[in-house]
1. At 1.4 Å probe size, with the rest of the protein present, what percent of the exposed accessible area of region 198-310 is carbon and sulfur atoms?
2. Per residue, what accessible area does the chain have, given a 1.4 Å probe and all protein chains present, in Å²?
3. Counting only other residues whose beta carbon sits under 13 Å from that of SER145, what net charge do I get with K and R as +1, D and E as -1?
4. Quick check: net charge around GLY184, other residues with Cβ under 12 Å of its Cβ, Lys/Arg +1 and Asp/Glu -1?
5. What part of the accessible area of region 1-60, given as a whole %, is carbon or sulfur when the probe is 1.4 angstrom?
6. Given the Cα-Cα distance of MET62 and SER179 and 0.36 nm per residue of separation, how much length would full extension add, in nm?
7. Could you report the accessible area of ARG18 in Å², rounded to 10, computed with a 1.4 Å probe on the protein chains as they sit in the structure?
8. Amide H to amide H under 5 Å from ARG305: which residues, 5+ apart in sequence or cross-chain, H placed 1.01 Å off N in plane?
Amino acid sequence: MPNSWPEPSEQVKDLIRRGAEIASNPPKEWVAELHDATLAGAIMQGIAADPTLAELVRQSNMAAMLLWATHNLRHPGARVPPNTDDEALAVARDLVRRGLDLHGIDSYRTGLNAAWRRWMELCFTLTADPDELRELLSITWHSMSTYIDDTITAIAIRMAAEHEQLTTGTNADRLATISLVLEGAPISRVRAEQQLGYRLTGPHTAAVVWTSGDTSDLDAAAQALARHAGTPRPLTVVASASALWVWLPGTVVPNSSDLARELADHPEVRVALGRPGDDLDGFRRSHLDAGSAQRLLTRLGSPRRVARYDDIALISLITADTGKADEFVRDTLGELLTADQDTRDTVATYVSEQFNTSRTAERLYTHRNTVIRRLTRADELLPRPLAENPTGVAVALDVLRWLAP
C-alpha cells in the first residue's frame, strides 16, 4: 500500500460504506447505463453486435462494479485490487481474437465515466455537509479512477503475455481467413480452401453455437449438428471464448425440435441456423442468417434453445419494436393470452393444418372432439372469432412462443 494513499475520516468512511451498500445492489437504470456506455463507440461496435461477446462485457461490468463496492464495504476508501477475474480476461482475449487487440479495454474508462456520474449523484444524497461532501468525492474519485487504471494495466500485462498464443496457431489462422471471406476481401478461393480445409463450392448451411455455461459443451453441440445434417466433416471455428461458428456442407437444416432434444444434457447451449446457400455468396449469407437468428434469441430473452432463420424471419420483423409486439399480442389474443397451453397449441396447429380438425387431432395425438371443444373455448376467449382473423392469431401465437415468459 503506497504511503501516499489518502486515509478518509471516520465520518466519510461511514458515508462510503452506506454508498457502497447501495452500489453493491445497483438499481437497474445504473446497470443499463453502464452497459450502454461500455458497448458504445466504433471500437466496440463489433462486440456489441455479437450477443455472446456483448454478454461477456456485461458480466465483466457487473463483476467490476461489485468488486469495488464490496471492497469499500469492508475497507472504505482503501485501494481496490485490480479486477482480473475470468470475465474480464475472457473479454480481453476475445478482443484480440477479433483483431481489436487491447484497444477495446479502454471501454473501462467509458464505464468509469458512467459509474462516476451515478456515484456522484448518490453522494449528494448521503450528506449535505460541504466539507464531508468534498472529502467523499475526492476520496472515491481517487479510488475509482485508480482501480480502473490498475485493472487496465493488469489486463494489458496479462494479454501481452498471451498475445502470441492467441494470435497464432490453426484456429487463429482459420478465423482470420473466415473473416476475409465473410467481408468479401480479395482472397482467392483456392487459398481460402487450403487454409480452411473445407470446400467453398456447393451448398452450405451455417450455424452459430454459443453457451453461457461450460464451454466444453460447445463441441458436443457441434457434433450433434453434424449428425443431424448427415455430414462427417463440418467446418468449425472458435469465434470467441463461448461461441463456435459452424458450416455444414449440404442443404439439410437440422430439425429444431430434434436438435433441442439432443442438447437436453447441455442446457446452457443454444444454436442458431441460417438458410442453405450455394458457393461463396451462400457461405456468407447463411452465416449472416445464423447471426440474425442468434441476435433475435438474445434480444427477446427467448427460452428457445434452437432457432432456424426460416422460423424467425417474420418474428424478427414483428418484434423489432418489442413494445408494439406486446401490444399486438395482447390485442389479438385477448383472454386467450392467459389460457392453458393446450388450448393455444390447438389453435396454432389448427391454423397450420389448414383448419382441418382431423389432421389437427392426429398431430396433437388427441381426440377430434377434444380439438373441437378447445377451438370453441378459444373463440370465446378471442376478441374476434378465429375464422375472422386466423392469420393475426397464428402470428400472435408464434410471437408468444419466442418471447421470454
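1. 47 percent
2. Computed with neighbouring chains in place, this is 49 Å² per residue.
3. Details: positive: ARG79, ARG109; negative: ASP149, ASP150.
Taking every Cβ under 13 Å from that of SER145, the sum is 0.
4. Its environment carries a net charge of 0.
5. For region 1-60, the apolar C and S fraction of the accessible surface comes to 50 percent.
6. 39.1 nm
7. Per-residue accessible area (ARG18): approximately 100 Å².
8. Those qualifying (amide H under 5 Å, at least 5 residues apart or on another chain) number zero.
The values are calculated or read from the model by the stated rules, or taken from the named source; none is laboratory data. Here the structure is a predicted model, which means the values were calculated and not measured. Glycine gets a Cβ as well: all are built from the backbone with ideal geometry, and neighbour counts include every protein chain shown. Heavy atoms of the whole protein, side chains included, go into the accessibility calculation; ligands, DNA and RNA do not. Shrake-Rupley method; radii C 1.70, N 1.55, O 1.52, S 1.80 Å.
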